[in-house]
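J.: Okay, here's the structure, questions in a sec.
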Amino acid sequence: MKNIDKSSSENTLVEDGFLVLRYENNSSDEINKNFPVTREFIQFHFCLKGSGKLLFNGGNYEFKISEEHAVLLFNPIQDLPINILLEPKTWVVSVVISISKFHSLFSNDSAHISFLNPENSKRKFYDDSIFSPNIAVVLSQILRAKVHDSMKALYFKGKVYELLSLYFNKNTDTDLEQCPFLVDEENVRKIRKAKEIIIERMSEPPTLIELSKEIGLSLKKLKDGFKQLYGETVYGYLLDHKMTEAQRMLDSKNFNVNEVGLKLGYSTASHFIVAFKKKYGTTPKKYLMSVS
């Protein structure tokens with residue numbers, strides 16, 4: 001990826017009918033990227049950071065993409081070429097896969113995926129949903145992938161399979177339409193505020209009781225609402241976020257293991273090492289050596 005400090009993009013052909021597009025806009029300006037996509041393809045856009053817009057029909061129609069959101073687009077009756085406008089400080093991973101290839105991946109689970117049902121084969125399908133911290137980890141790995149060109153296709157194939165399996169493994173409990181509490185936009189706003197608070201203060205997060213008082217929700221509504229919206233407990237989400245940050249900091253090579261642990265709020269290096277190994281199956285030191 002070129003000019004990583006400003007903006008960059010890279011398109012990787014995994015195999016016929018299967019591509020991964022990586023976009024990073026680290027500049028202070030909007031950038032526009034284009035990629036031809038015909039009606040035989042499904043496209044997924046995962047926004048890890050920032051925001052942007054997908055433009056169609058010469059810019060007459062816009063589809064917003066937001067941080068921590070995944071957008072799925074499929075239109076079997078019209079080509080949908082990618083024309084993506086990236087706001088400053090925005091990172092997006094897009095997956096473009098042919099419908100025939102997609103069918104082969106999910107041939108045994110097509111009933112679980114509504115737009116693969118035969119009666120829906122000629123219908124367009126759009127979806128915009130919040131993705132889980134586990135998906136954020138995989139996206140970070142895809143964006144930060146440092147593998148030899150000869151192994152890149154294999155690496156991305158494995159990572160995208162993991163990404164799609166996590167994306168479609170949606171618990172019905174996280175469906176907003178099934179949760180009356182989250183139909184109330186004010187409740188959703190408060191839960192999102194809770195997420196922002198624990199991330200901003202991740203080195204010294206408030207207790208659940210303190211957090212519930214700060215956002216103006218009962219403790220039960222905070223716990224239930226957070227699980228419904230993000231598919232995780234408050235501290236489970238925070239732990240996943242800390243581990244993603246730990247990986248990012250180690251990848252930068254600007255911090256040693258002790259420094260990372262302290263910045264993430266661990267009182268001792270051993271506590272950080274245990275948490276990291278439980279998440280990634282290796283110690284931070286070994287991980288740091290692998291990216292050096």
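Read-outs: derived from the displayed coordinates by stated rules, not from any lab. Predicted model only: the values in this text are computed from it and were never measured. Virtual Cβ from ideal backbone geometry, glycine too; neighbours counted across all protein chains shown.
J.: For the chain, set up a Gaussian network in which alpha carbons nearer than 10 Å are linked by springs, and say which option among 276, 131, 56 fluctuates the most.
T.: Of 276, 131, 56, the Gaussian network model singles out 56 as fluctuating most.
J.: Would you work out the charge dipole size for the range 7-170 about its Cα centre, treating the Cβ of every Lys and Arg as +1 and the Cβ of every Asp and Glu as -1, and quote it to the nearest 20 debye? Let's see the in-between values first.
T.: On the way: 17 positive and 18 negative charges, 30 e Å.
Value, rounded to 20: 140 debye.
J.: So what's the gap between the Cα centers of the range 132-159 and the range 222-249, to the nearest angstrom?
T.: 21
J.: Given axes a ≥ b ≥ c from the Cα gyration tensor, I'd like to know whether the chain is rounded (a/c under 1.5), prolate (a/b larger than b/c) or oblate.
T.: Numbers: a/c = 1.70, a/b = 1.23, b/c = 1.37.
Here the chain falls in the oblate category.
J.: Take the residue pairs 33/278; 221/263; 213/263; 152/242 and return only those whose Cα atoms are more than 32 Å apart.
T.: Result: 33/278 exceed 32 Å.
J.: Among 158, 58, 231, which one shows the highest mean-square fluctuation when the chain is modelled as a Gaussian network with alpha-carbon springs under 10 Å?
T.: In this elastic network of the chain, the residue with the biggest mean-square fluctuation among 158, 58, 231 is 58.
J.: Dipole of the chain (Lys/Arg Cβ +1, Asp/Glu Cβ -1, origin at the Cα centre): which of 145, 14, 225 lies farthest to the positive side?
T.: Farthest towards the positive end: 145.
J.: Placing +1 on the Cβ of each Lys and Arg and -1 on the Cβ of each Asp and Glu in the chain, which of 283, 35, 70 has its Cα farthest towards the positive end of the resulting dipole?
T.: Projecting each Cα onto the dipole axis, the largest value belongs to 283.
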